[in-house]
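No value in this document is a laboratory result; all are computed from the given coordinates. All values derive from a computational prediction rather than experimental measurement. All Cβ positions, even for glycine, are placed from backbone atoms using ideal geometry, and neighbour counts span all protein chains on display.
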Amino acid sequence: MIRKKDYQYGKQTIDKEDIISVNEVLKSPFLTQGPNVAEFEKTICQCTKARYAIAVANGTAALHLSMMALNIKANDEVITSPLTFVASANCVLYCGGKAIFSDIEADSGLIDPEQLRGRINKKTKAIIPVHYAGQSCDMDRISKIAKDNNLFVIEDAAHAIGSEYKGVKVGSCRYSDMTIFSFHPVKTITTGEGGVITTNNPDYYKKLLLLRTHGITKEKKDFKNPHGLEIGPWYYEMQSLGFNYRLTDIQAALGLSQIKKLDKFVQKRREIVELYKREFANDPRFEVLIEKPYGVPAYHLFPLLIDFSQIKKTKAQLFSDLQENGIHPQVHYIPVHLQPFYQQFDYHLGDYPKAEAFYQRTISLPLYPSLSFADIRSIIAIVKTYAV
Ligand SMILES: *Cc1c(COP(=O)(O)O)cnc(C)c1O
């Protein structure tokens, strides 16, 4: 039951403008892929400085198509972080490849570039760095490792729209082949469900467009017509096995209206995190994630690390105390290699000790733009009262 002053760990911020722009589409001739999708893609390009953007049904579809564009297949290995949502690894399995994990840095939750190097072998094809909580991985180092080993890089930036790395926006693909974003309601901007892939490579762009719509093309110049069928306005060709991963125009209209507020959202999120950090950093029961000097994170999450051996409570007990006081944290993430489905791939408890230790300690506290600083102060006071 949700009371008036209940704080989820994350949620959407929807205003009148958002509602008006969605309503407008409902009166228009296009409900699915139409002018708003094209406009949304253009805006994503302007905002990230990437050359191309392909809007898709969700962030998972974006990851799946990015793996397909790279032609990942059986026996290929792709390395990602164990501290992520299952989709970052599942996209490799969808293509028949093997998801390999590489441990994180304990103080940032980001994949550790040095360990990453040691996980590469002859079967490795790509790396999927995850910009955990909204902070960019060290893409300069990761792209150098990838170049040295002839690997592709796909950035999982589901948490990181609006983030900066070394003066460029995440999604620019300066250090990667493709970047994916998610617009699920808990993420920084939302389309309900939705995602996008950015790239600077025209070949990937062409492939992704096909794969988004069943592998079907209506471009006359691309027709193969193996049986010499009559070609007319009805004619189309399916040239590869794609999917229906389209974003609707209704969703894109919401995205367009949301992205106008991105800078404002990011600023408020950063201010909230600053207040949290100031209040928790000097208390020995707690640890906050470090902010790397190379970037400006658009925070999606605020993970607070708690040493549960220091306080006389389990995480479940603390959760229940916080929930009784209207605070509904979440845990990001149960390491993917510990999921039951992943046991068939011979992963074990203890394989990635830093990700596992991080999981034991972390709780994500409420973080979304409509929280007031008074709300945050009250959340901080409640956490400090019950984490004993
Ligand atoms: C949310 C998320 C995804 C998947 O996005 P969906 O839009 O929910 O499919 C992928 N990776 C990470 C790290 C995420 O947080």
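Over region 72-143, the reciprocal of the mean inverse Cα-Cα separation, the Kirkwood hydrodynamic radius, stands at 12.2 Å. List every DSSP H helix in the chain whose Cα atoms extend 18 Å or more along the helix's own long axis and whose mean Kyte-Doolittle hydropathy is at least -0.5. Correct list, ordered by number: 35-48, 373-386. Think of each Lys and Arg Cβ as +1 and each Asp and Glu Cβ as -1; about the Cα centre, that makes the dipole of region 1-123 roughly 220 debye. Under a point spin-label approximation (7 Å from Cα along Cα-to-Cβ), what is the Lys260-Asp222 distance to one decimal in nm? Taking the simple label geometry, Lys260 and Asp222 are separated by 3.3 nm. Seen from Ile180, the other residues with C-beta closer than 9 Å to its C-beta sum to a net charge of -2, counting Lys and Arg as +1 and Asp and Glu as -1.
In sequence order, region 115-123 has phi-based couplings of 5, 3, 3, x, 8, 7, 9, 5, 8 Hz under the Karplus curve 6.51 cos²θ - 1.76 cosθ + 1.60, θ = phi - 60°, and Gly or Pro positions carry x. Amide H contacts for Phe152 (H built 1.01 Å from N in the peptide plane; partners 5 or more residues away or on another chain; cut-off under 5 Å): Ala126, Ile127. Cross-link partners among lysines for Lys221, C-alpha distance below 24 Å, same-chain residues fewer than 8 apart left out? Reachable lysines: Lys206, Lys207. Both the radius of gyration and Dmax for region 109-155 are 10.1, 31 Å, in that order, over alpha-carbon atoms.
Hey, if you drop one equal point scatterer on each alpha-carbon of region 32-80 and run the Debye formula without solvent, what base-10 log of I(q)/I(0) do you get at q = 0.18, 0.22, 0.33 Å⁻¹? Normalising to I(0) and taking log10 leaves -0.70, -0.88, -1.19. Taken over the alpha carbons of region 313-353 as equal point scatterers, the Debye sum produces base-10 log I(q)/I(0) values at 0.21, 0.23, 0.27, 0.31 Å⁻¹ of -0.72, -0.76, -0.86, -0.99. Taken over region 185-274, the alpha-carbon convex hull comes to 138 cubic angstrom per residue. Distance distribution P(r), region 206-360, all Cα-Cα pairs, bin width 10 angstrom from 0: 8, 19, 22, 22, 15, 9, 4, 1 percent. Working from the Cα coordinates of region 138-196, the gyration tensor eigenvalues give, after taking √(5λ), semi-axes of 24, 12, 7 Å in decreasing order.
Ellipsoid semi-axes for region 269-388, based on the Cα gyration tensor and the rule √(5λ), read 26, 18, 14 Å when sorted largest first. Determine the alpha carbon to alpha carbon distance for each of Lys292/Lys312; Lys122/Lys144; Lys49/Lys218; Lys42/Lys169; Lys144/Lys260 and list only those over 24 Å. The pairs that break the limit, which is 24 Å between Cα atoms, are Lys292/Lys312; Lys49/Lys218; Lys144/Lys260. Shape verdict for the chain, please, from the Cα gyration tensor: rounded (a/c under 1.5), prolate (a/b greater than b/c) or oblate. Judged from the Cα gyration tensor, the chain comes out oblate (a/c at least 1.5, b/c at or above a/b).
Computed from the C-beta positions of Glu114 and Leu349 and an R0 of 30 Å, the FRET efficiency is 0.85 to the nearest 0.05. Quick check on region 322-388: take the gyration tensor over C-alpha atoms, sort the square-rooted eigenvalues as a ≥ b ≥ c, and tell me if it's rounded (a/c under 1.5), prolate or oblate. Because a/c hits 1.5 or more and a/b exceeds b/c, region 322-388 counts as prolate.
Taking 7 Å steps out from each Cα toward its Cβ at Asp140 and Arg377 produces label points 4.0 nm apart. Per-peptide packing, taken as the mean over residues of other Cβ atoms within 10 Å, places 45-57, 173-185, 314-326 in the sequence 173-185, 45-57, 314-326 from highest down.
Extension gain, Asn75 to Glu230, is 51.7 nm, computed as 0.36 nm per intervening residue step minus the present C-alpha separation. Here the chain is assigned +1 on the Cβ of each Lys and Arg and -1 on the Cβ of each Asp and Glu. Its dipole about the Cα centre then comes out at about 360 debye. Using C-alpha positions alone, give me the convex hull volume of region 1-115 per residue in cubic angstrom. So the per-residue hull volume is 208 Å³.
Model label points for Glu237 and Tyr294, set 7 angstrom from Cα along the Cα-to-Cβ axis, are 4.4 nm apart. The stretch between Glu324 and Ile14 holds 108.9 nm of extra length on full extension. This uses 0.36 nm per residue minus the Cα-Cα distance. Once every Cα of region 87-196 carries one equal point scatterer and solvent is ignored, give the base-10 log of I(q)/I(0) from the Debye formula at q = 0.11, 0.14, 0.18 Å⁻¹, two decimals. For region 87-196, the Cα-only Debye profile gives -0.33, -0.55, -0.91.
Here the Karplus relation 6.51 cos²θ - 1.76 cosθ + 1.60, evaluated at θ = phi - 60°, turns the backbone of region 285-292 into coupling constants of 6, 10, 9, 10, 5, 6, 9, 5 Hz, with x for every Gly and Pro. With Rh defined as the Kirkwood radius, the inverse of the mean 1/r over Cα pairs, the Rg/Rh of region 246-308 is 1.15.
Each stretch of four or more DSSP H residues adds -39500 (n - 2.57); spread over every residue of the chain, this sum gives -10500 deg cm²/dmol at 222 nm.
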